[in-house]
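Reading through the structure tokens given below for one structure.
Derivation of every value follows stated rules applied to the coordinates shown; laboratory data play no part. Since the structure is predicted, the reported quantities are computational estimates derived from the model, not experimental observations. Cβ: placed from backbone, ideal geometry, glycine included. Neighbour counts: every protein chain shown.
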Ligand SMILES: Nc1ncnc2c1ncn2[C@@H]1O[C@H](COP(=O)(O)OP(=O)(O)OP(=O)(O)O)[C@@H](O)[C@H]1O
Ligand SMILES: [Mg+2]
């Protein structure tokens, strides 16, 4: 600690030793406002050299170094935004004029009371809490003022980061709510006896935590049913997470599902990661295309279901988990068991409540309501006001719908987009689906060359697969060829829309 030459006050000696040992800045002024001592930290915090302050009047020092460019940084300590521990230090803080600021020490001298202020030090940009403490002589006259300066910069930065993180969190929560609401918008449409039965079963089992296995051909609405289960369950306010087991490479699937501990992998993945089971904790997890789950993960899944706890990849610790599992597949799991591709014990664990969704061709009464529903949806989406003619619906009733509701949905959307007329006629439908009489007919005419016949068959099959799946990936899977081949052939064969 530096002190003014010739200073005699012995009581200051021990204080000076202490002052250099603490992490707060300290300076002392006498009753005239002259700085008689400062510690090293004060010089560091303020950026003012000892020779520029010691022996000088604090008001002059203040004018050169303190008056902040931006008066907003001044916070008198009654202000709500101050850190709570500062609040505890400060008892008075009264009478501080933010528009006409004074050094705290001078103000303390004038007011004869302890005063604290939060401000920014101009030379170093440090945010500090400055507290002036008056010292009185025996006659009750003020003798000197100690000013203690605490660096709050890190605290403020942390506070700022925290409030940014809080805002970010709020944004994510709102986004999540928005997506959840959208996710849950579509209801299970249908007026057939089969759909009525499914609805009834769903409502009666929704609250049971038992595992449900939903089976049915592609596009029948397994996901819609899974969501219906979730929406009506007592877990509806918790997470709903779905994973398509066939869409994620086998090497990533395990950590996607079960997460990994810090250090389980090297490099960028050295952090820990929550798996979907943990994300879905207290909620519902839909394991879609469960038939595609590799054998070693089937064993792991079985353990999680039985023991209700999981171990992350690369971890020893087990974690309790409470997840309602819904599994879905369009594969025949019993057949997969026979060929050794699916564990029988897992099958029985999943199949606690089986829900079989019949194909659309077995519940044709649903077609008309689904047509209305999709027509309405796509009219709105594409700002159209198209109407589907009754004979057109009759034509759709005759069709077999191998791609089920998804195919119907895709076709309605396509009809809404193409063509200019406002009425969708039977002929429009037949152009897409073919006439019922010549459906499935392969051109075996002898006048055609083999190449032309192959092209025609290829075109029909690719167009059909595209129309069923609505995308090139699904079509490629169905046809057993690469997605890029589908794209190339569709272009070459002149299939423009589906
Ligand atoms: N009953 C229904 N009511 C309303 N929309 C339905 C219904 N059934 C199916 N859909 C719609 O059809 C499309 C296909 O349904 P979904 O994705 O549930 O089929 P899926 O059985 O899971 O098919 P995949 O086995 O190919 O995954 C979705 O867009 C869905 O919204
Ligand atoms: Mg699905």
Completion exercise
Expected unfolding gain across residue 397-residue 484 under the 0.36 nm per residue rule, minus the alpha-carbon gap, is 28.0 nm
Fill in the blank from the handout: Quick calc: nm separation of the 7 Å Cα→Cβ label points for residue 491 and residue 295 -> 4.1 nm
Practice task
Pull out the extension gain between residue 348 and residue 380, defined as 0.36 nm times the separation in residues minus the alpha carbon to alpha carbon distance; nm, one decimal.
Solution key: 7.1 nm
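For an R0 of 41 angstrom, estimate the FRET efficiency from the Cβ-Cβ distance between residue 179 and residue 113 and round to the nearest 0.05.
My answer for the efficiency is 0.15.
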Problem - Label-reachable residues, the stretch 468-498, where backbone N falls under 19 Å from a point 7 Å from residue 451's Cα toward its Cβ - result: 489-495
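Go ahead and run the numbers for FRET between residue 425 and residue 191, Cβ-Cβ distance against an R0 of 25 Å, rounding to 0.05.
0.55
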Completion exercise
Highest mean packing first, using Cβ neighbours within 10 angstrom, the peptides 50-58, 133-141, 303-311 sort as 50-58, 303-311, 133-141
Problem - Zone of residue 204's modelled label, taken as backbone nitrogen in the stretch 354-392 under 18 Å from a point 7 Å along Cα→Cβ - result: 354-358
Exercise for the section: Please work out how much length the chain gains when fully extended from residue 338 to residue 473, using 0.36 nm per residue of separation minus the C-alpha to C-alpha distance, in nm with one decimal. Expected result: 45.8 nm
Practice task
Could you check the simple spin-label distance between residue 165 and residue 356, using points 7 Å along Cα→Cβ, in nm with one decimal?
Solution key: 5.3 nm
